[in-house]
Amino acid sequence: LKPGLSRPQLVYTLELTQKNDGGIAIHNEKENVSYHWRQVFHVYRDTIATYLYMTPDRGFILPHTCIEEGPDALWKLIEKKIPKERRTVL
């Protein structure tokens, strides 16, 4: 979602899978990129969203209202794929 918009708009789509290689796919109108789970810098969870950082200054917001399976299912996947020292519940 883009900050400052009067109504939410789709900016990018994230697809997360159990696969170790290419388990994180991000795409928008201009580009498609995939990452390995081991490339994740850090993940933060708060009450309204999960924040997936691929580098210290490049992160993706996953609003919990947009997660079909729900935030708890997302966090269980993250717990399987990301070491404890690289994930934080705020």
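Within region 19-54, work out how many residues are open to solvent by 90 Å² or more (accessible area, probe 1.4 Å) and farther than 24 Å from residue 90 by Cα.
7
Yes or no: residue 67 among the hydrophobic types (A, V, I, L, M, F, W, C), closer than 17 Å to residue 13 by Cβ, in contact with a strand residue (DSSP E or B) (Cβ under 7 Å, 6 or more places away or on another chain) and modelled with pLDDT under 95?
For residue 67, the condition - among the hydrophobic types (A, V, I, L, M, F, W, C), closer than 17 Å to residue 13 by Cβ, in contact with a strand residue (DSSP E or B) (Cβ under 7 Å, 6 or more places away or on another chain) and modelled with pLDDT under 95 - is not met.
How about region 48-59: which of its residues are of a type in the set (S, T, N, Q) and touching a His at 6+ places or on another chain (Cβ under 8 Å)?
Matches in region 48-59: 50 only.
Can you list residue pairs whose Cβ atoms sit under 8 Å apart, with the first residue in region 48-65 being closer than 17 Å to residue 81 by Cα and assigned to a strand (DSSP E or B) and the second being of a type in the set (Gly, Ala, Ser) and open to solvent by 20 Å² or more (accessible area, probe 1.4 Å)? Count only pairs 6 or more apart in sequence or on different chains.
Within 8 Å, the pairs are 51/59; 52/59; 53/59.
Scan region 55-84 residue by residue and report those that are open to solvent by 50 Å² or more (accessible area, probe 1.4 Å) and not polar (S, T, N, Q).
Once the filter is applied, which keeps residues that are open to solvent by 50 Å² or more (accessible area, probe 1.4 Å) and not polar (S, T, N, Q), region 55-84 yields 56, 57, 58, 61, 66, 68, 69, 72, 76, 79, 80, 84.
When residues of region 46-66 are filtered for being over 10 Å from the mean Cα position of the chain (by Cα) and of a type in the set (A, V, I, L, M, F, W, C), how many remain?
2
Which pairs turn up if I take residues in region 7-29 that are at pLDDT 90 or above and look for partners that are acidic (Asp, Glu) and loosely packed, with under 13 Cβ neighbours inside 10 Å with beta carbon separation below 7 Å, at least 6 apart in sequence or on another chain?
25/15
Out of the residues in region 30-46 that are outside any helix (DSSP H, G or I) and touching a residue at least 24 places away in the same chain (Cβ under 8 Å), which is farthest from residue 87 (Cα to Cα)?
Among residues in region 30-46 that are outside any helix (DSSP H, G or I) and touching a residue at least 24 places away in the same chain (Cβ under 8 Å), the one farthest from residue 87 (Cα to Cα) is 46.
The values are calculated or read from the model by the stated rules, or taken from the named source; none is laboratory data. Small disclaimer: the values here were computed from a predicted structure and weren't measured. Glycine also receives a Cβ, built like all others from the backbone with ideal geometry; neighbour counts cover every protein chain displayed. Side chains included, ligands, DNA and RNA excluded: accessible areas come from the protein's heavy atoms. Shrake-Rupley method; radii C 1.70, N 1.55, O 1.52, S 1.80 Å.
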